[in-house]
Structures are given as structure tokens and as C-alpha cells.
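Working notes, structure below.
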Amino acid sequence: MTTDSFFDVVVIGAGPVGLACGLEVQRRGLSVCVVDKGALVNSIIGYPTNMEFFSTPELLEIGGYPMTTLHYKPLREDALDYYRRVAQTEKLTLRLYERVTGLEGEQGRFAVVTEKGRIGARFVIVATGFYDVPNLLRVPGEDLPHVTHYYKEPYAHADQDVVIIGAKNSSAKAALQLLRAGARPTLVVRGSEISESVKYWIRPDLVNRIKEGRIGCLFNSTVARISATTVEMNTPDGPRTLPAQHVYALTGYHPDFSFLATLGITCEADAAQTPTHNADTLETNRPGLYLAGTVCGGLNTSRWFIENGRYHAQLIAARLAGEAAPALPEVLQPVQLMPSQK
């Protein structure tokens, strides 16, 4: 089995939890490489411009490095700068824009196969999150160029009709920003009201704008078809057609189960399709292959975020170094740190 390099540990995924895994492993004297198909903290790059995290800086920190920000809650840009500086300070070996396509071998002699080569490793940690694979509507027209599952900023939509599908934090913030940037937003909500999970400082603003008629909203409604200029709806009052120059389908995301299967990771027969792993050690059904962060929860994407998923790094690193499992804080409970986009 020929490889172009060899490390004690290869981490797949260069997000905050993947970086935390890398630095915790490296601090224990093990060699490590962090590989990612995109940029450093690629998911955060994809977040909306000036997005505010739903957590305070200390809960986003990794490796004991303080996150400095002028804001009570850090912005996307604060996090991007912070995680880059941590990776540089720790001198982590990074292989970015290098997609992993397979995993060969066994514990002690793995070969992580990428589009650019083969990386040898004794152990592998998968910290791939869930933000790259949107939950599709599966309706005609969803693949049109003006339809997207990721919202960035509102400015291109001034004096345009924009349909936003969803009723949680991401949809709520997008609708409000679009309104204030001169667009004509309409929300399409499958349920009977704006979700109670929308943050308490956002929900009243949105509800009041809907009551005023400044933001359109169709409750108990679903999309039937999308055309180049319209969205055809199924509503309680029958079919309805909305004008739309742009459509944001903010219907949530899920782990890349096909990629996990490529690595040999099975999933449980539960509603969340939880990837098979030992909850105490985070080792998967394939010996020597571990999970860390959000991916551990499967479809239950609100189970793990940076705030508690970063402790997976300590747990796995201690195990790989032959240390006793660390005493972890009570933070290992379900949290909602980043915008819910289900």
C-alpha cells in the first residue's frame, strides 16, 4: 500500500471541531494531518455575511485560545479570523481543497484516498459536519439557477420578488434582511405558525412584519413547482402562484451519508439515521475510525455543535494517546449554537 505521506492521525474535515481534533492530537505528541475538500472552516465561509452566532465567544473557543471580538456574540468574520489564527499558531498540517474519495486498509495502516494522492494513517477521525448537503424539496424546478439552499446577503434583490421556504432562524433572518434591503419577500411555511424555535429577539420582529403585510407569508403550504419566474403552491385555499425572481429553499441540511458509507461507516435503524459509533469512545463500527462533532447525530443536527462537539476532540485524542478519558463538563448536552435551518 503506497502512500505519499504517513501520519499517526488523519482528520477529515477542517471545520472548528476538526481543527480541535488536530490540535488536541498534536499536543499529545502524535503526528496529524487535517484534510478538507474545501477551504479552512469551509462551512463558516458559507454562512451569511455578518451572521451573528447564537453563543458567546468563550463557547466557540478551541485549544484554550481566547476569541476576541468587539461584539457580545461573535460574527462570522470574527470566527473566520479566529480559527485561521489557531490553525496557524498550532502549525497544523493542512491539505485543503483535497476531496477524500475512500478509505483503504485497517487500523494501524489506513490509506486515506483523495483526488490528489493517498495519505497513510494509524487512525482516522471524521469531523465533516452537515452543512454541505441540503434537504431537497424534490419538486420540478428546484435545480434552476435562481434557486439556492444557501442565503448570503440581501443586496442583490432590491425591487425583486423573493420567496423564502422555511420558518426557522435562517428563514426569519433572511426575510427581515430582504425586506430592509428593498426586496418583496414572501415566506412559505409548512406549519401553522413561525417556529417557536426562532430566537426570542427575532421572532416578534418577523411576526409583526407579517401582520403589517410587509412580509408575505403562506402557512400550511408547500411548493409544487418552481419556474423561471414563479413558484406554484399548494395552500389550504387551493393552488396559488407567487412571482419569484429568486427562491431561497432554507429547508435544512444533513450529513453526507453516502460519504460515510464510502468510508465503511454504517448507520443505525433509527429516525436520525445515526452513524454507528460507541458513545463513550466515538469509535465507529470500523476499528480505528472515529467520529467527532455534528456528524455523530445523523439527522439530529441540533445535538452537537462547536459548543459541545469540541470536547469530542479531547476524548478521542486522549484515547489515541493511551490516556485516561478526560472529565468533560456538563456542556455535553443538546444545544443550538448556529442558525437552525431545518
How do the pairs read when you match residues in segment 227-250 that are of a type in the set (D, E) with residues anywhere that are assigned to a strand (DSSP E or B) and open to solvent by 70 Å² or more (accessible area, probe 1.4 Å), using Cβ under 8 Å and keeping only pairs 6 or more apart or on different chains?
E232/R225; E232/P239; E232/R240; E232/T241
Going through (1) within 19 Å of N169 (Cβ to Cβ); (2) touching a residue at least 40 places away in the same chain (Cβ under 8 Å) one by one, K37 fails only at (1)
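Hey, can you tell me all the residues within segment 28-56 that are β-branched (V, I, T), touching a helix residue (DSSP H, G or I) at 6+ places or on another chain (Cβ under 8 Å) and open to solvent by 20 Å² or more (accessible area, probe 1.4 Å)?
Step one: list which residues in segment 28-56 are β-branched (V, I, T), which gives 32, 34-35, 41, 44-45, 49, 56.
Remaining after also requiring touching a helix residue (DSSP H, G or I) at 6+ places or on another chain (Cβ under 8 Å): 32, 34, 41, 44-45, 49.
Residues satisfying the conditions are I45, T49.
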Here is a check on your reading of the model: is Q107 in contact with a Phe, Trp or Tyr (Cβ under 9 Å, 6 or more places away or on another chain) and surrounded by 18 or more Cβ atoms within 10 Å (Cβ to Cβ)?
no
Looking at N300, is it open to solvent by 30 Å² or more (accessible area, probe 1.4 Å) and modelled with pLDDT of 95 or more?
no
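Could we say that E58 is of a type in the set (D, E), part of a helix (DSSP H, G or I) and at pLDDT 95 or above here?
Working: of a type in the set (D, E): yes; part of a helix (DSSP H, G or I): yes; at pLDDT 95 or above: no.
Judged against the criteria, E58 is not a match.
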Taking segment 21-52 as the search range and keeping residues that are assigned to a helix (DSSP H, G or I) and of a type outside the set (S, T, N, Q), which one is nearest to I119 (Cα to Cα)?
G22
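If you take the residues in segment 238-257 that are of a type in the set (G, A, S) and more than 23 Å from G13 (Cα to Cα), which one is most open to solvent (accessible area, probe 1.4 Å)?
Here is the first cut: in segment 238-257, the residues of a type in the set (G, A, S) are 238, 244, 249, 252.
The next check asks that each one be more than 23 Å from G13 (Cα to Cα); those that pass are 238, 244, 249.
Working: G238: 22, A244: 0, A249: 1 Å².
If we take residues in segment 238-257 being of a type in the set (G, A, S) and more than 23 Å from G13 (Cα to Cα), then G238 is most open to solvent (accessible area, probe 1.4 Å).
Yes/no matrix, rows are residues, columns are (1) small (G, A, S); (2) surrounded by fewer than 19 Cβ atoms within 10 Å (Cβ to Cβ):
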{"site": "D132", "(1), (2)": "no, yes"}
{"site": "P140", "(1), (2)": "no, yes"}
{"site": "P145", "(1), (2)": "no, yes"}
{"site": "K152", "(1), (2)": "no, yes"}
{"site": "A158", "(1), (2)": "yes, yes"}
{"site": "Q177", "(1), (2)": "no, no"}
{"site": "V188", "(1), (2)": "no, no"}
{"site": "D205", "(1), (2)": "no, yes"}
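Kindly indicate whether N220 is out of contact with any His (no Cβ under 9 Å at 6 or more places or on another chain), open to solvent by 60 Å² or more (accessible area, probe 1.4 Å) and assigned to a loop (DSSP other than H, G, I, E, B). Steps first, please.
Working: out of contact with any His (no Cβ under 9 Å at 6 or more places or on another chain): yes; open to solvent by 60 Å² or more (accessible area, probe 1.4 Å): yes; assigned to a loop (DSSP other than H, G, I, E, B): yes.
Spelling it out, N220 is indeed out of contact with any His (no Cβ under 9 Å at 6 or more places or on another chain), open to solvent by 60 Å² or more (accessible area, probe 1.4 Å) and assigned to a loop (DSSP other than H, G, I, E, B).
The values are calculated or read from the model by the stated rules, or taken from the named source; none is laboratory data. Since this is a predicted model, take the numbers as computed values, not measurements. Note that each Cβ is placed from the backbone with ideal geometry, even for glycine, and that neighbours are counted across all protein chains shown. Calculation scope for accessible area: heavy atoms of the full protein, side chains included, ligands and nucleic acids excluded. Shrake-Rupley method; radii C 1.70, N 1.55, O 1.52, S 1.80 Å.
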